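Notes follow the structure.
The values are calculated or read from the model by the stated rules, or taken from the named source; none is laboratory data. A quick note: this is a predicted structure, and the numbers were derived from the prediction, not measured. Don't worry about glycine lacking a Cβ; one is built from the backbone with ideal geometry, like all the others, and counts go over all protein chains shown. These accessible areas exclude ligands, DNA and RNA; they are computed on the full protein's heavy atoms, side chains included. Shrake-Rupley method; radii C 1.70, N 1.55, O 1.52, S 1.80 Å.
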Amino acid sequence: MNVAVCLPISLNKDFDYALPKNLEQKAVFGARVKVPFGKSVQEGFITRLNTTPKLPKNIKLKEVIEVVNSQVYYGPELKELAAFIVQNYANTLGQTLNVLLPSMINDKLLAKYTTEKNFNLPLFYEPGPKTKEQIQAIKTAEQNPYTLFWGPAFSGKTQATLTLAHKTLNEGKQVLLLVPDIITSAELIKNVEEKFGKQNICLWHSKVPLSQRKQSIADILNGKPCLIIGTRSACLLPFKNLALSIIYKEEDKGFKQEDSAPYYHTREVILKRAELTKSKVILLSSTPSLETLFKLENKQIAAYHFKEPLPKFNNALTLLHVQNKGQKSKFLSEQLIEEMQKNYLAGKQTLLIMNRLGYSGAVSCLNCKTLLKCQKCGSLLTMQNGKDGEFLLCPKCHAKESLDNKKCPKCKNEIFRPIGAGTQAVQKDLEALFPGARILRLDSQTLKTKKDQGFFVQEALYTKQADIVLGTPLLLNTALNAENITLGAILDGDSQLSSPDFRANEHFAQILFNFMGRLKRNPNSKLFIQLRGKELFDFSILKGNDYANFAKQELEFRKEFFYPPYTKLIKLLIIAKTKKDLDNYTKIIKDSIDSAYSAFMQVQGPMRCGRQQDNSFEQYLLIKTKDEAMLKGFLKTLNDNKIFKKITLKIVADPYNFM
């Protein structure tokens, strides 16, 4: 028998091998095998049986050396799930099977790590009194395969979800709880462990020791009723009897795998897996993603909308718009500094939110500080560097404007500069303004090791060991229920709204609504929004706590400018060692798309990446289309023909990173 074998490489191709007769009984789709490849021995996966390769008479097929495992440790959904990840996210089958069937899962693991056959189910916690909304939400989820629990913070969504998880576990089945990241979800995890018992929970993320992950794999494969809490990669685990999947904060962009192949979105993988296995899905959110609301609008999922937070969390909130610069600070307005001083002297805590570094920022008139806006769609313009010098680019509709003879619409000045600042610079400013205050920072730089200050933020907030905490939007996930936070501020509204991400308005609105929800836990709390102009965002939606109305308006914008969820979006990231090669090959790729696919696709760019590497140059093209069949064919062709030697081409479907 001959078989086709794919390898976990970026080449979208399989290779024919002869299979010795003594190995034929183990030959099934997904079987991990060892094969000779070039001058080395590689591990790959069987993809097809009984192949008939056309070879010259004097050429003999190489033989499969070994079938590694006695069986494929995955459910019957493996083949269709792998095909979904390959076709929808431009991955190769070898890369995809390598994460679905990692080498860690083998015969030796199951022989060493065992699970008791007679599962001794503990006495689970008894869910507390349920509100009418929670009862109705549970009923909705039981009657539908995919359900969105949508409502403000502290409205009872999580309690209703845990009640369903409790019921599922008592039926002897498995439950998956997906969280954006472990650090900022620590309080939720602690709460779940207290209610369900640590012995019934498997943690799955990169920080879990290997031996513990192996035991979790054994328990999952042996069908132990357990609650698996994990980050996005947990959606790929080989469940034996998964009955319920929960995605906590489903709108979080951390659920998109985009750092390394294979690429995928956790939400879409879970929904596909539930379809294949007839299991249920609950999406939890205070501010659902527009993609999820689009599914709701098209009746692809059901929803229960929790209208109001529980009474003790429904206090008044003062919302203030201020300029984002004062005389005492480059980053803080005079009014905000004054309120922070009052808050500090009263023994209360302050949260300050900033966007991440890396964006070029909005463009400001050096004379009158007016921000430049796109003439086509009204969004803030950003400054970009091109081969002919600097130019203005709209991050939303990608319209370009020249800086030559560009005049400020207000004062007619011709000198402009990009604006923006980072968390480190602001922290130094805060230390000078509040010398006695205990100031902590939470961002990617302060979460590298367990000794970094970011790891102590949550405990410091609860134990009142911090007066001012500054961070990226991650901070809102960390400060879930701290009772002493009465003042909050978003410091760089301009920078956030001028991001090249077409989802910038959506992310900004989600930050605002979530921030408001946290602060409303305490009476007389205040939220400052530092922004140069109120017209940059429709703040009227905040007064009525009307995220639904915002989502409706933003979906109309997406539809008008041909963005997801009304279209498929592909990012072609091109990386070269020289700028000349980068521009030449980008032009070749763009011209070939324009000539062959212009009737089906729109191409935008190239756009320079915000972060350039020291030894390479990067830029990307964006491709939009509504023709899914044509897109899948195009992506397959592109994957099959990665023949450029001087560049690296990275294909990202449904991109979230536009830096």
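Other residues whose C-beta falls under 15 angstrom from the C-beta of Thr350 contribute a net charge of +2, scoring Lys and Arg +1 and Asp and Glu -1. Let me check against my output: what whole-number percent is the relative contact order of the stretch 575-630, with C-alpha pairs under 8 Å and at least 6 apart? It comes to 41 percent, rounded to a whole number. Projecting the Cα positions of Leu512, Tyr620, Pro606 onto the charge dipole of the stretch 512-659 (unit charges on Cβ atoms of Lys, Arg, Asp and Glu, taken about the Cα centre) puts Leu512 furthest along the positive direction.
Take 87-93, 601-607 and order them by the average number of nearby Cβ atoms within 10 Å per residue, most first; the result is 87-93, 601-607.
Under the classification rounded if a/c is under 1.5, otherwise prolate if a/b is larger than b/c and oblate if not, where does the stretch 200-276 fall, given a ≥ b ≥ c as square roots of the Cα gyration tensor eigenvalues?
Numbers: a/c = 1.83, a/b = 1.31, b/c = 1.40.
Since a/c reaches 1.5 but b/c is at least a/b, the shape of the stretch 200-276 is classed as oblate.
Give the shape of the stretch 242-306 as rounded, prolate or oblate, defined through the alpha-carbon gyration tensor: a ≥ b ≥ c are the square roots of its eigenvalues, a/c under 1.5 means rounded, and otherwise the shape is prolate if a/b is larger than b/c and oblate if not. Because a/c hits 1.5 or more and a/b fails to exceed b/c, the stretch 242-306 counts as oblate. For a straight C-alpha distance cut-off of 15 angstrom, the aspartates and glutamates reachable from Lys190 (same-chain residues fewer than eight places away being disregarded) are Asp181, Glu459. In terms of its C-alpha gyration tensor, the chain has an oblate overall shape, because the principal axis ratio a/c (a ≥ b ≥ c, square roots of the eigenvalues) is not below 1.5 and a/b does not outweigh b/c. Length gain on complete extension for the stretch Ala302 to Gln199, per 0.36 nm per residue less the alpha carbon to alpha carbon distance? That pair, Ala302 and Gln199, stretches by 33.8 nm at full extension.
Which parts of the stretch 539-580 would a label at Asp591 reach, counting a residue when its backbone N lies under 20 Å from a point 7 Å out along Cα-to-Cβ? The answer is 572-580.
For the chain, the solvent-accessible area of protein heavy atoms averages 46 Å² per residue (probe radius 1.4 Å; ligands and nucleic acids excluded).
Among 222-233, 337-348, sorting by the average number of other beta carbon atoms lying within 10 angstrom of each residue, highest first, gives 222-233, 337-348.
Excluding same-chain neighbours fewer than eight residues apart, the aspartates and glutamates reachable from Lys54 by a Cα-Cα span under 19 Å are Asp14, Asp16, Glu63. Any idea what the relative contact order of the stretch 508-659 is, in percent, if you count C-alpha pairs under 8 Å spaced at least 6 apart? Contact order relative to length: 28 percent.
In sequence order, the stretch 89-99 has phi-based couplings of 10, 6, 9, 8, 5, x, 5, 5, 5, 5, 8 Hz under the Karplus curve 6.51 cos²θ - 1.76 cosθ + 1.60, θ = phi - 60°, and Gly or Pro positions carry x. Placing a pseudo-label 7 Å from each Cα along the Cα-to-Cβ vector at Asn413 and Lys62 gives an inter-label distance of 6.6 nm.
For Arg48, nonlocal amide neighbours, meaning residues 5 or more places apart or on other chains whose placed amide H falls under 5 Å from its own, are Ala4.
Around Phe294, what is the net charge, scoring Lys/Arg as +1 and Asp/Glu as -1 over all other residues with Cβ under 14 Å from its Cβ? Numbers along the way, then the final one.
Numbers: positive: Arg267, Lys295, Lys299, Arg503, Lys552, Arg558, Lys559, Lys568, Lys626; negative: Glu250, Glu251, Glu268, Glu291, Glu297, Glu506, Glu554, Glu556, Asp654.
After counting each charged neighbour, the total is 0.
With K and R counted +1 and D and E -1, the other residues having a Cβ less than 10 Å from that of Thr370 yield a net charge of +4.
Between Glu338 and Ser540, how high is the FRET efficiency from 1/(1 + (r/R0)^6) when r is the Cβ-Cβ distance and R₀ = 30 Å? Nearest 0.05. Write out the running numbers ahead of the final one.
Details: r = 26 Å, r/R0 = 0.87.
According to the calculation, E is roughly 0.70.
The relative contact order of the chain comes to 13 percent, based on Cα pairs under 8 Å that sit 6 or more residues apart.
Share of the chain's accessible area from carbon and sulfur, percent, 1.4 Å?
Working: 14940 of 30090 Å².
Exposed carbon and sulfur together represent 50 percent of the surface.
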